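A short write-up of the structure that comes next.
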Amino acid sequence: MEDKQTKYGDLIHYLENLITEGNLKAGDKLPSENELTELFGISRQTVRKAIGLLEEQGTVRRVRGSGTYVSFDRKENLEHRNRIAVVTTYVESYIFPKTIQGIEKILFERGYSVQISFTNNTLEREKNVLTDLISRDDVAGIIVEGTKSGLPNPNLYLYRQLMNRKIPIVFINTYYPELDVPHVSLNDVKTAETAVNYLIGKGHENIGAILKLDDGQGRLRYLGYLKAMEAAGLQVTDSRMVWIDTDESKQLNYCRDKILNRVEECSALFCYNDQIAFQLIRMLTERGIRVPEDVSVISVDDSDLALHSEVQITSLPHPKEKLGAKAAEVLLDMIEGKKGANTVEFDTRIVERQSVSERVQQR
């Protein structure tokens with residue numbers, strides 16, 4: 001076993017030396033698996049393992065049916081890598097069309113094309129998309145919204161493979177704390193804190209929240225909710241919290257009984273987004289609970305749903321197009337090797353409408 005491990009390491013060093021000393025240049029083909037097997041007296045499986053490690057590091061690339069080649073230097077090959085991959089969760093969301101518009105505007109002006117993929121917020125689809133990107137040679141960078149970012153993700157190894165290949169990545173809206181990758185997003189903690197402080201300023205004390213449990217934004221908005229409540233000396237109780245997943249957020253009726261039971265002791269509710277607030281107000285109205293007379297509602301995004309709700313919703317705007325443009329700018333800085341490609345988090349404000357009222361006395 002020790003001899004095999006030594007020969008495995010010798011093979012890696014041999015190939016690395018061929019490349020660093022210039023005997024194999026960018027685009028040159030490596031010796032075949034059979035040639036390396038005979039040269040080092042090891043199995044083809046061991047040869048494949050060694051080449052696989054170099055591939056993960058971005059040193060070489062395999063071309064199916066052709067062989068393995070030395071990877072191009074990123075700067076030398078930039079003219080061949082003119083495609084930016086944009087990966088988001090959903091196409092039908094009211095957030096993404098404007099975000100993608102902001103991304104495309106910046107990238108098209110700089111001569112890049114854009115390839116858009118959707119994961120439908122499923123790990124299987126995300127795996128397929130990332131695997132395809134790993135196999136391509138024309139991707140200069142990636143802008144991506146992670147799948148179910150509030151939960152452990154088995155696809156992180158694919159992101160790491162892309163990072164090892166020196167392909168710049170920027171996350172939008174949310175991110176994976178395990179990866180050292182910049183993100184461009186709303187400042188979710190501060191946004192939630194602002195929303196809850198607004199309710200507190202209106203005299204509300206029994207404030208609940210409906211948040212998503214399967215993405216990082218939900219977790220951060222909960223942190224902002226906690227900060228505002230604790231700073232005001234108000235009690236935080238589990239009975240006022242409703243945690244839902246992405247599928248439930250689209251069909252809030254799935255959680256009707258749970259929500260209505262917890263609303264009974266609240267004078268105000270902070271909602272994860274307008275989609276949830278819109279459905280909530282309809283649900284409350286059907287139950288005879290008046291908004292804002294009985295329960296005030298505030299949410300995030302300031303979308304068309306906030307205007308078209310039965311009671312127009314007080315909401316905090318999502319930067320959408322500006323966020324997309326900034327993500328593209330950060331990615332371009334990374335591609336060009338500029339220093340300081342940092343995370344950017346946008347602040348927002350309150351847009352007042354009819355869904356929040358003053359509360360003099362608690363119920």
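Listed values, structure above:
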quantity	calculated
Kirkwood hydrodynamic radius over Cα pairs of the range 99-224, then Stokes diffusion coefficient at 10 °C and 1.306 mPa s, in µm²/s	97 µm²/s
Hits among lysines - C-alpha to C-alpha of LYS25 under 19 Å, sequence gap 8 or more where chains match	LYS75, LYS166
Over the range 209-361: Kirkwood hydrodynamic radius from C-alpha pairwise inverse distances, Å	16.8 Å
Two-site label geometry, GLU38 and ILE289: point separation in nm, points 7 Å out along Cα→Cβ	7.8 nm
Under 16 Å from the Cα of LYS339 - aspartates and glutamates, other chains or at least 8 residues apart	ASP180, GLU329
3J(HN,Hα) from dihedral phi, the range 257-272, Karplus parametrisation 6.51/-1.76/1.60, rounded to Hz, x for glycine, proline	5, 4, 5, 5, 5, 7, 5, 4, 9, 10, 9, 8, 10, 9, 9, 3
Listed pairs LYS49/LYS127; LYS190/LYS212; LYS190/LYS326; LYS105/LYS250 exceeding 25 Å between Cα atoms	LYS105/LYS250
The chain - percent of accessible surface contributed by carbon and sulfur, probe 1.4 Å	46 percent
Among 118-131, 272-285, the order from most to least packed when residues are scored by Cβ within 10 Å on average	272-285, 118-131
Relative frequency of Cα-Cα separations exceeding 12 Å in the range 272-329, percent	64 percent
Relative contact order of the range 208-279, pairs being alpha-carbon contacts under 8 Å that are 6 or more residues apart, as %	45 percent
Value of relative contact order over the range 212-346, rounded to a whole percent, pairs C-alpha under 8 Å and six or more apart	16 percent
Label zone at GLN235, where the point sits 7 Å out along the Cα-to-Cβ direction: the range 246-285 residues whose backbone N lies under 13 Å	265-266
Among ASN206, ASN187, ASN34, residue whose mean-square fluctuation peaks in a GNM of the chain (springs only between Cα atoms under 10 Å)	ASN34
Value at 222 nm in deg cm²/dmol, rounded to 500, when DSSP H runs of n ≥ 4 in the chain each add -39,500 (n - 2.57)	-13000 deg cm²/dmol
1.4 Å probe accessible area per residue over the chain, in Å²	47 Å²
Contact order normalised by residue count of the chain, Cα under 8 Å, 6+ apart, percent	16 percent
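The values are calculated or read from the model by the stated rules, or taken from the named source; none is laboratory data. The model shown is predicted, which means the values in this text are computed figures rather than measured ones. All Cβ positions, even for glycine, are placed from backbone atoms using ideal geometry, and neighbour counts span all protein chains on display. Keep in mind that these areas ignore ligands, DNA and RNA; they rest on the heavy atoms of the full protein, side chains included. Shrake-Rupley method; radii C 1.70, N 1.55, O 1.52, S 1.80 Å.
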